[in-house]
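K.L.:
Questions regarding the structure given below will be posed in turn.
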Amino acid sequence: MPVTVELTRFTVARERMEAMLAARPAMLADFRADREGFIGADLVRLPDGEWLDIVHWRSPEDLAASRAKGANRPGIAAFFATLGDLVSDERGTVHEIGESR
C-alpha cells in the first residue's frame, strides 16, 4: 500500500540545535498519541544549518488532519518553537519502501 510522505526542510539556529534535538522525542510521542495514521519520521541534518524532516503517513487525509491540529500538544509546540525558517514543504507518495525499513 502506498504511503504518504511529508518532506519539510527548515533551518535551526546553531544555538537552538540542542534544544531542537532534545524536544524531538516528546514531539514524536505526541504524534504517536494524537495523530491518526502517523507511521514514523526521520530527521536528516543537511549542510548550512538546514534540516529535512521526512514524515510517513498512512494516507494524505491523515496528513491533512494532522496539519489541521497544528501544535496542539506540549511536545509538538516545544519542538516547533525551536525551528527557524521554513525552506520548503512538499508531499508525495512512496510506492516502494527499501529493505532497510
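K.L.:
With a 1.4 Å probe and all protein chains left in place, how much accessible area per residue does the chain have, in Å²?
P.N.:
Per-residue accessible area for the chain comes out at 62 Å².
K.L.:
Tally Lys/Arg at +1 and Asp/Glu at -1 over every other residue whose Cβ is under 11 Å from the Cβ of Gly75; what's the total?
P.N.:
After counting each charged neighbour, the total is +1.
K.L.:
Name the longest site-free stretch of the chain, where the excluded sites are GluC sites (Glu not before Pro) in a DSSP loop with no more than 12 other beta-carbon atoms within 10 Å.
P.N.:
Counting at most 12 other Cβ atoms within 10 Å as exposed, the longest clean stretch of the chain is 37-95.
K.L.:
Using protein chains only and a probe of 1.4 angstrom, how many square angstrom of Leu83 are accessible, to the nearest 10?
P.N.:
About 50 Å², rounded to the nearest 10.
K.L.:
Quick one: accessible surface of Ile39, probe radius 1.4 Å, all protein chains present, in square angstrom to the nearest 10.
P.N.:
Here the residue's solvent-accessible area equals roughly 100 Å².
K.L.:
Just to make sure I understand: if all protein chains stay in place, what is the order of Phe80, Phe31 by accessible area at 1.4 Å, largest first?
P.N.:
The most accessible residue leads, giving Phe80, Phe31.
K.L.:
On to the next question. As I understand it, the dipole of the chain uses +1 on the Cβ of Lys and Arg and -1 on the Cβ of Asp and Glu, about the Cα centre. Which of Thr82, Trp57, Val12 lies farthest toward its positive end?
P.N.:
Thr82
K.L.:
Round to a whole angstrom and tell me the spacing of the C-alpha centers of the stretch 73-88 and the stretch 1-19.
P.N.:
When both Cα centres are located, 9 Å separates them.
K.L.:
If you place +1 on the Cβ of every Lys and Arg, -1 on the Cβ of every Asp and Glu, and leave all else neutral, what size is the dipole of the stretch 1-100 about its Cα centre, to the nearest 20 Debye?
P.N.:
About 300 debye.
K.L.:
Further question on the same structure: As I understand it, the value is the acute angle between the Cα axis of helix 60-69 and the longest principal axis of the Cα atoms of the chain; what does it come to in degrees, rounded to 10?
P.N.:
Long axis of 60-69 versus the principal axis of the chain: about 40 degrees.
K.L.:
OK, next. Going from most exposed to least, what order do His56, His95 have by accessible area with a 1.4 Å probe?
P.N.:
The ranking, largest first, comes out as His95, His56.
K.L.:
Using heavy-atom solvent-accessible surface (probe 1.4 Å) with all chains present, what is the largest-first order of Leu28, Leu7?
P.N.:
Leu7, Leu28
K.L.:
What accessible surface, in Å², does a 1.4 Å probe find on Met17, ignoring ligands, DNA and RNA and rounding to the nearest 10?
P.N.:
So the heavy atoms of Met17 present about 40 Å² to solvent.
K.L.:
Please report the carbon-and-sulfur percent of the accessible area for the stretch 8-48; probe 1.4 Å, protein heavy atoms only, DNA, RNA and ligands left out.
P.N.:
The computed percentage sits at 50.
The values are calculated or read from the model by the stated rules, or taken from the named source; none is laboratory data. Since we're looking at a predicted model, the values are computed, not measured. Cβ coordinates were reconstructed from backbone atoms using ideal geometry, including for glycine residues, and neighbour counts include every protein chain displayed. In case anyone asks, the SASA skips ligands and DNA or RNA and just uses the protein heavy atoms, side chains included. Shrake-Rupley method; radii C 1.70, N 1.55, O 1.52, S 1.80 Å.
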